[in-house]
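Undergrad: Please read through the structure below; I'll follow up with questions.
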Number of protein chains: 2
Amino acid sequence: MSTQRKPRGPYRKGIQRRAQILDAALEVFAEQGDRGSSLQEIADRVGLSIPGLLHYFGSREELLLAVLERRDTLETDHLTTDGEGKITSAGEAVVRTIRHNMDQPGLVKLFVALSAAATEPDHHAHAFFADRYRRLTETTKAGMESGQANGTTRTGVNPEHLARLLLAVSDGLQVQWLMDPTVDMAAIVETFNRLCESE
Amino acid sequence: MSTQRKPRGPYRKGIQRRAQILDAALEVFAEQGDRGSSLQEIADRVGLSIPGLLHYFGSREELLLAVLERRDTLETDHLTTDGEGKITSAGEAVVRTIRHNMDQPGLVKLFVALSAAATEPDHHAHAFFADRYRRLTETTKAGMESGQANGTTRTGVNPEHLARLLLAVSDGLQVQWLMDPTVDMAAIVETFNRLCESE
DNA sequence: GTCTATACCCAGATAGAC
DNA sequence: GTCTATCTGGGTATAGAC
């Protein structure tokens, strides 16, 4: 009765463009932050007009969320591919991540600013961050539990508390580091890890 | 209530007004956050015009900074006056503070948002927060050191690291709590304190 | 080659900063 | 009021399934 559509999916060119835009946007947002960045600049870097860019990401917000997700997956990839030694605990993973972050103050600033703003329930990134914390808490808690099971992590402590502490430590230290770059985040997290070890 | 037949002079009245404005501003900022608040609303609450208000605080920024400082001193007062038992450690002080904060989500949100924004070196609150972290780190470190000296706090760990961890935990948990109010910040800080105790 | 979803641009509308 | 940034409506060109 009605005209049937044939969704054809993006062309190869479109897929490449999308990835290209994401990379450029990640750079721009990392350099200039959320507020300091414009679609114009991102469009310029990939040689598109603004409407051309918005064809792939319906709005600026959508692009920003895609960038946040991309950064998370890049981070995860980095943890698994870049490491010669295997990660033995959640705490070690955080130390490695933080070492990596210390080379990218722009991205750290972006995340700190956004996670604070996304605290507001109707912020466009609220769902992203709420879900991110849920997910990270869950996997970190699992890591703590297995650590307790194999005797490396201190027992008799609520593993979810340990997980949330590790995440809080990581977030909180980033603020302190941004305020004063001489703060050695990695060393302090390592101290925290020692507190979590079983003696 | 108090029958003031004789005016005590503008100086005293000014001091009262100043305090009155501060209280109103604290309320407004706590309810609506930094951006959501206007000088107009604060002026209305104390029955002043905006220029009248600016007579006491030269600018909106100045007023905001005064509010932040006042909140810090109120917090400190609360720690000493409201307590039946004396505080025995920095960690306990943080637990009490956090319990108190859980009744004031607006202020917590204000602090989280501002400390993130103040990360930018030219933000008008940068100096305030940078100094605040320096000061808190110093006194918390001293608390940890005395804890180590009297045997309650685990030794063999860098006391400044412990101090920065406690501050990071407190800040980081506030974000998690704002994202998900079921997070029991106080209990988690208590878990952290156990990690810091000597066995 | 036909045909249509996709890729992209132009010229405003609109909102906000300065 | 000017400038800048996001986003929309209305179009043309092209890729790719058939």
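The values are calculated or read from the model by the stated rules, or taken from the named source; none is laboratory data. Since the model is a prediction, treat every value here as computed from it, not as a measurement. In this analysis, Cβ positions are derived from the backbone assuming ideal geometry, glycine residues included, and neighbour counts consider all displayed protein chains. What goes into the accessible areas is simple: the full protein's heavy atoms, side chains included, and nothing from ligands, DNA or RNA. Shrake-Rupley method; radii C 1.70, N 1.55, O 1.52, S 1.80 Å.
Undergrad: Any idea which of A:Leu53, A:Leu74 is more than 16 Å from A:Ser37 (Cα to Cα) and hydrophobic (A, V, I, L, M, F, W, C)?
TA: A:Leu74
Undergrad: I'd like the full set of residues that are in contact (Cβ under 8 Å) with a residue 24 or more places away in the chain, closer than 18 Å to A:Gln20 by Cβ and small (Gly, Ala, Ser), limited to region A:36-92.
TA: Passing the criteria: only A:Ala66.
Undergrad: Residue under question is A:His100, and the condition is that it be touching an Asp or Glu at 6+ places or on another chain (Cβ under 8 Å) and surrounded by fewer than 19 Cβ atoms within 10 Å (Cβ to Cβ); does it hold?
TA: It is true that A:His100 is touching an Asp or Glu at 6+ places or on another chain (Cβ under 8 Å) and surrounded by fewer than 19 Cβ atoms within 10 Å (Cβ to Cβ).
Undergrad: So which residues in region A:139-181 are open to solvent by 20 Å² or more (accessible area, probe 1.4 Å), more than 11 Å from chain B (Cβ to nearest Cβ) and either over 21 Å from the mean Cα position of the chain (by Cα) or within 22 Å of B:Pro159 (Cα to Cα) (or both)?
TA: Within region A:139-181, A:Glu145, A:Ser146, A:Gln148, A:Ala149, A:Asn150, A:Gly151, A:Thr152, A:Thr155 meet the criteria.
Matching residues to (1) within 12 Å of the chain's Cα centre (by Cα); (2) away from DNA strand C (no atom under 16 Å from the Cβ); (3) over 30 Å from B:Leu173 (Cβ atoms):
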residue: A:Arg12; (1), (2), (3): no, no, yes
residue: A:Leu63; (1), (2), (3): no, no, yes
residue: A:Arg96; (1), (2), (3): no, yes, no
residue: A:Lys109; (1), (2), (3): yes, yes, no
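Undergrad: Inspect region A:3-10 for any residue being within 12 Å of DNA strand C (Cβ to nearest atom) and open to solvent by less than 50 Å² (accessible area, probe 1.4 Å) and give the result as yes or no.
TA: Yes, because at least one residue in region A:3-10 is within 12 Å of DNA strand C (Cβ to nearest atom) and open to solvent by less than 50 Å² (accessible area, probe 1.4 Å).
Undergrad: For A:Leu79, indicate whether it is within 15 Å of DNA strand D (Cβ to nearest atom), away from every other protein chain (no Cβ under 14 Å) and assigned to a helix (DSSP H, G or I).
TA: No: the conditions fail for A:Leu79.
Undergrad: Kindly evaluate A:Glu138 against the criterion of being more than 25 Å from A:Leu107 (Cβ to Cβ) and either touching a Lys or Arg at 6+ places or on another chain (Cβ under 7 Å) or acidic (Asp, Glu) (or both).
TA: no
Undergrad: Only one of these conditions is not met by A:Ser37: (1) open to solvent by 100 Å² or more (accessible area, probe 1.4 Å); (2) within 23 Å of B:Ala116 (Cβ to Cβ); (3) at pLDDT 90 or above. Which number is it?
TA: In the conditions (1) open to solvent by 100 Å² or more (accessible area, probe 1.4 Å); (2) within 23 Å of B:Ala116 (Cβ to Cβ); (3) at pLDDT 90 or above, A:Ser37 misses (1) alone.
Undergrad: Can you say whether A:Leu22 is within 19 Å of the chain's Cα centre (by Cα) and closer than 30 Å to A:Ala118 by Cα, as far as the supplied structure shows?
TA: Here the answer is yes, as A:Leu22 does meet what is asked.
Undergrad: Tally the residues that are part of a helix (DSSP H, G or I) and either open to solvent by less than 40 Å² (accessible area, probe 1.4 Å) or within 16 Å of DNA strand D (Cβ to nearest atom) (or both), restricting the search to region A:45-76.
TA: So the answer is 21.
Undergrad: Does any residue of region A:16-27 turn out to be near DNA strand D (Cβ under 10 Å from one of its atoms) and part of a loop (DSSP other than H, G, I, E, B)?
TA: no
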